[in-house]
């Protein structure tokens with residue numbers, strides 16, 4: 001719960017308390033402070049109580065709307081755990097192609113994998129889980145075959161370590177953009193990924 005929401009609920013409570021103050025007590029306080037002040041009618045007190053109650057109700061509604069917006073913008077531990085499990089299952093056994101001229105021992109193919117991890121986790125968020133706020137930071141420099149990512153999300157207190165093992169499976173040939181015929185074909189390395197995730201830091 002944010003500080004703004006707490007203040008909103010506190011103010012709403014104070015307004016309700018003010019609405020419940022007896023009219024005789026208010027008249028006695030006014031008389032003690034300003035004996036020459038005009039008498040306040042019962043109707044004025046009734047209107048004042050209605051206004052105070054209406055403002056208190058508005059404050060409560062605003063506070064709950066703020067909580068709903070906060071919930072929609074942040075991940076809970078359960079949401080992140082479920083999304084990470086789904087993303088792990090989706091990434092495990094997946095494949096991808098590397099860059100032209102990149103050999104099977106090049107670690108650079110892992111450069112874009114962190115973004116892929118973040119997108120998969122966001123896509124597997126269920127319910128009102130946000131589709132943003134996921135962070136997959138490389139835990140160390142990737143080797144040609146292995147990489148680890150520290151996974152966290154805004155609002156969640158749990159973290160995960162995703163272990164990725166890459167296997168070179170061969171090459172595929174494709175025509176370079178703008179090229180024509182066999183002479184413009186390039187060889188792209190292909191890789192498969194084995195992914196597992198453990199709770200906690202890497």
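Restricting attention to segment 145-174, the residues that are over 18 Å from residue 117 (Cα atoms) and touching a strand residue (DSSP E or B) at 6+ places or on another chain (Cβ under 9 Å) add up to 7. Output the residues belonging to segment 120-151 that are surrounded by fewer than 20 Cβ atoms within 10 Å (Cβ to Cβ) and within 12 Å of residue 76 (Cα to Cα). The answer is 126, 127, 128, 130, 133. Just one residue in the set 54, 68 is exposed (fewer than 13 other Cβ atoms within 10 Å of the Cβ), modelled with pLDDT under 75 and in a helix (DSSP H, G or I); that residue is 68. When each of 151, 117 is tested for being part of a helix (DSSP H, G or I) and modelled with pLDDT of 85 or more, the lone residue that passes is 117.
The values are calculated or read from the model by the stated rules, or taken from the named source; none is laboratory data. The structure presented is a predicted model; accordingly, all values stated were derived computationally and were not measured. Because the Cβ atoms are built from the backbone with ideal geometry, glycine has one as well, and the counts that use them run over all protein chains shown.
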